[in-house]
Structures are given as C-alpha cells and as structure tokens.
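Below you'll find the structure, written out as structure tokens, and then a few comments.
No value in this document is a laboratory result; all are computed from the given coordinates. A quick note: this is a predicted structure, and the numbers were derived from the prediction, not measured. Note: ideal-geometry Cβ built from the backbone for every residue, glycine included; neighbour counts use all protein chains shown.
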Amino acid sequence: MQDLRKTRDFTLTKLSQLTALSQGYLSQIALEYQIPRLKTLHSIRRTLGVTISWFFSPASTGDAEML
C-alpha cells in the first residue's frame, strides 16, 4: 500500500485526510499490523483509485489494477 500511495503522490497525511482515517492506523494497515474492515478498505481503494481485489493480490504483482 505504501508504494501505491507514493506512486499516486499521496503523503500519509493526505491519505489520512481524504479517508478520515488516522495516520497511525493507515501505517499499521500498510505494515500488516492491523487487519482493516471491508468498509475501511473501500474508503482507501476509492481514494487510491484501485479495485478492492488489489488488496488481496500478491505484493509482487507490480502495477495496480486501475478503475
């Protein structure tokens, strides 16, 4: 998620503001310390412009599946 966020030119602060999720929580999700609810994933995926399946794909797949 961090790489995707950076390719979209989103800082953690900006993503936090756009999703109404705390920076700490987003960081924990990205580092896989937290398992987010589906509602949370939908908020993040809408903001980053990917499909929900992107979160369940292996990290090595490369480019994000765009909407």
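Summary table below
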| item | result |
| --- | --- |
| Simple spin-label estimate for ASP3 and GLN17 in nanometres, 7 Å along Cα-Cβ | 2.7 |
| Loop trypsin sites (Lys or Arg not before Pro), the stretch 1-64 (other Cβ atoms within 10 Å of the site Cβ: 11 or fewer; DSSP) | ARG37 |
| Taking the chain and dividing mean pair separation by its residue count, relative contact order in percent (alpha carbons under 8 Å, at least six apart) | 26 |
| From the coordinates shown, volume of the Cα convex hull per residue in Å³ corresponds to which of [x] 121; [y] 79; [z] 99 | [y] |
